[in-house]
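A.B. asks: Structure below; questions to follow.
Each value in this text was obtained by applying a stated rule to the coordinates, not by laboratory testing. Quick caveat: nothing in here was measured; it's all calculated off a predicted structure. Note: ideal-geometry Cβ built from the backbone for every residue, glycine included; neighbour counts use all protein chains shown.
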Amino acid sequence: MSTNRFTLPSFAKINLFLRIKGKRTDGFHELCTVFQTVSLKDNLTFSEHSELILTCDTERIPLDDRNLIIKAANLLKGKYEVKTGAKIHLVKNIPSPGGLGGGSSNAAVALLGLIKLWNIEIDFANLVKLGKLLGSDVPFFFYGGTAIGTGRGTEIFTREEISEKNILIVTPGVNVSTAAAFGCVNVRHLTNNSSKRILQICRHEAGSTLLQQSLLKNDFEEIVFKLEPEIERVKKSLLLNGAKTALMSGSGASVFGIFENEKHLQTAFNNLKSERDWRVFPVQTVSRPNYFESLKHFDSLLRTDC
Ligand code: C5P
């Protein structure tokens, strides 16, 4: 019988702003983005077990080392010489892939859960280092709320919180590979020095309290709408159905629309959910205090002066 069993939420993110500033010397792209956690979430339940076992309530998700949860567990096991395993059950609600950071969020929460289950002593800087090894979006999930991401997307700076109660996320049934989307980007090559300059400009641009809806921008839209016109149709439908603004998240395929009030959102929800291959999720932003509250086991590890 397992003595230690607990469940943690794993929230999705949207990108309120995403500019691709150039190609770095390491082959990755220099980004300037604003991440925002939203209330759509998966759940991960951890329990003690001699082997490492991942199960999931849906069939489409790989359960072997293609899954970032298994990658996170193996990384931690290797670094901290953990001799035991764990049973992890994933309840999947976040479309995957979908530009909502579901896999990255799962990886971040898997690290946290296993640190607790295996009694690992780690500080915040080393936790973020492990996150970076797993993927560019992972470190953000140790902050939550509204935050600026620069560099590969892994350098996180908190900024004034943005709060929106009436958001619809629509995920059409098409897949966009992030690597393929980056492969179509045509931007200048950067030197290490120009990367540093961009970082300063980005913090100013994305940190401005003037990040109003009219400024919401995602450089992937032009590229990805050409690859998958269905995604542009989603954006147009959100706007036609009353969204005051709509934007693709990450490299797609999800698009979010922000509505003036609950009534407008409800009308759009009723219209859009009848589309055969679209999944539609009413969500709201999750602020950093609420995000930390949901992960309160980890208060002393996550609360840094960021
Ligand atoms: O880090 P992550 O696994 O999310 O990246 C997936 C792929 O996206 C990378 O292999 C790379 O091709 C591309 N990428 C990039 N620049 C970034 C982030 C990702 O070119 N800042």
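A.B. asks: How large is log10 of I(q)/I(0) for segment 60-208 at q = 0.11, 0.17 Å⁻¹ when the intensity is taken from the Debye formula with one equal scatterer per alpha-carbon?
C.D. replies: So the normalised log intensities work out to -0.53, -1.17.
A.B. asks: Would you work out the charge dipole size for the chain about its Cα centre, treating the Cβ of every Lys and Arg as +1 and the Cβ of every Asp and Glu as -1, and quote it to the nearest 20 debye?
C.D. replies: Using Cβ point charges on Lys, Arg, Asp and Glu, the chain gives about 380 debye.
A.B. asks: Please state the charge dipole magnitude for segment 1-126, taken about the Cα centre, from unit charges on C-beta atoms (+1 on K and R, -1 on D and E), reported in debye and rounded to the nearest 20.
C.D. replies: 360 debye
A.B. asks: Any idea which of LEU238, SER195, GLY257 is furthest toward the positive side of the dipole for segment 175-276, if Lys and Arg beta-carbons carry +1 and Asp and Glu beta-carbons -1?
C.D. replies: SER195
A.B. asks: On each of the three principal axes of the Cα atoms of segment 231-306, give max minus min coordinate, whole Å, ordered largest first.
C.D. replies: 45, 28, 21
A.B. asks: Continuing with the same structure: Tell me, what is the percent relative contact order of the chain, built from C-alpha pairs under 8 Å that lie six or more residues apart?
C.D. replies: Over the chain, the number comes to 24 percent.
A.B. asks: Of ILE70, SER47, ASN175, which is farthest on the positive side of the dipole of the chain, counting Cα position, with +1 on Lys and Arg Cβ, -1 on Asp and Glu Cβ, and the Cα centre as origin?
C.D. replies: The one lying farthest along the dipole's positive direction is ASN175.
A.B. asks: Hey, which aspartates and glutamates would be in cross-link range of LYS244, C-alpha to C-alpha under 15 Å, not counting anything within fewer than 8 residues on its own chain?
C.D. replies: Candidates past the 8-residue exclusion: GLU164, GLU260, GLU262.
A.B. asks: How large is the dipole of segment 28-78 about the Cα centre if only Lys and Arg carry +1 and Asp and Glu carry -1, each at its Cβ, rounded to the nearest 20 debye?
C.D. replies: So the magnitude is around 120 debye.
A.B. asks: Another question, if that's okay. Around GLU221, what is the net charge, scoring Lys/Arg as +1 and Asp/Glu as -1 over all other residues with Cβ under 15 Å from its Cβ?
C.D. replies: +1
A.B. asks: Here is a further query. Using the Cβ atoms and a cut-off under 12 Å, what net charge is assigned to the surroundings of VAL138, where Lys and Arg are +1 and Asp and Glu are -1?
C.D. replies: Combined, the nearby Lys, Arg, Asp and Glu give +4.
A.B. asks: Another question, if that's okay. In whole angstrom, how long is each semi-axis of the equivalent ellipsoid of the chain, when you take the square root of 5 times every eigenvalue of its Cα gyration tensor and sort them from largest down?
C.D. replies: 30, 24, 19
A.B. asks: Continuing with the same structure: With Rg and the Kirkwood Rh both taken from Cα atoms, where does Rg over Rh land for segment 138-277?
C.D. replies: 0.99
A.B. asks: Among LYS217/LYS296; LYS41/LYS79; LYS21/LYS226, which pairs are too far apart, with a Cα-Cα distance over 25 Å?
C.D. replies: Violating the 25 Å Cα-Cα cut-off are LYS217/LYS296; LYS41/LYS79.
A.B. asks: What are the residues whose amide H is under 5 Å from the amide H of GLY22, where those residues sit 5 or more places off or on another chain and H is modelled from the backbone?
C.D. replies: Under 5 Å from the amide H of GLY22: GLU30.
A.B. asks: Determine which aspartates and glutamates satisfy two conditions relative to LYS132: a Cα distance under 18 Å, and not lying fewer than 8 residues away in the same chain.
C.D. replies: ASP26, GLU30, ASP65, ASP123, GLU155
A.B. asks: Express in nm, to one decimal, how much length is gained between SER274 and ARG303 on full extension, taking 0.36 nm for each residue of separation and deducting their alpha carbon distance.
C.D. replies: Between SER274 and ARG303, full extension yields an extra 6.2 nm.
A.B. asks: Next question. What three numbers, in Å, describe the spread of the alpha carbons of segment 1-94 along their principal axes, ordered from the longest?
C.D. replies: For segment 1-94, the Cα extents along the three principal axes come out at 52, 31, 23 Å.
A.B. asks: Which residues' amide hydrogens lie under 5 Å from the amide hydrogen of CYS56, considering only partners 5 or more residues apart or on another chain, with H built in the peptide plane?
C.D. replies: Residues meeting the criterion, in which the H sits 1.01 Å from N, are LEU90.
A.B. asks: So, one more: I want to check the label-to-label distance for ARG60 and ASN193. Put each point 7 Å from Cα in the C-beta direction and report it in nm to one decimal.
C.D. replies: Each label point is offset 7 Å from its Cα along the Cβ direction, giving 4.8 nm.
A.B. asks: What is the set of long-range amide H partners of ALA86 at a cut-off below 5 Å, with H atoms built 1.01 Å from backbone N?
C.D. replies: HIS49, GLU51, LEU52, ILE53
A.B. asks: Report the far tail of the P(r) of segment 49-122, meaning the percent of Cα-Cα pairs longer than 15 Å.
C.D. replies: I get 51 percent for the Cα pairs in segment 49-122 exceeding 15 Å.
A.B. asks: What does the helix-only formula give at 222 nm for the chain: each DSSP H stretch with n ≥ 4 adding -39500 (n - 2.57), the total divided by the residues, and the result rounded to the nearest 500 deg cm²/dmol?
C.D. replies: -10000 deg cm²/dmol
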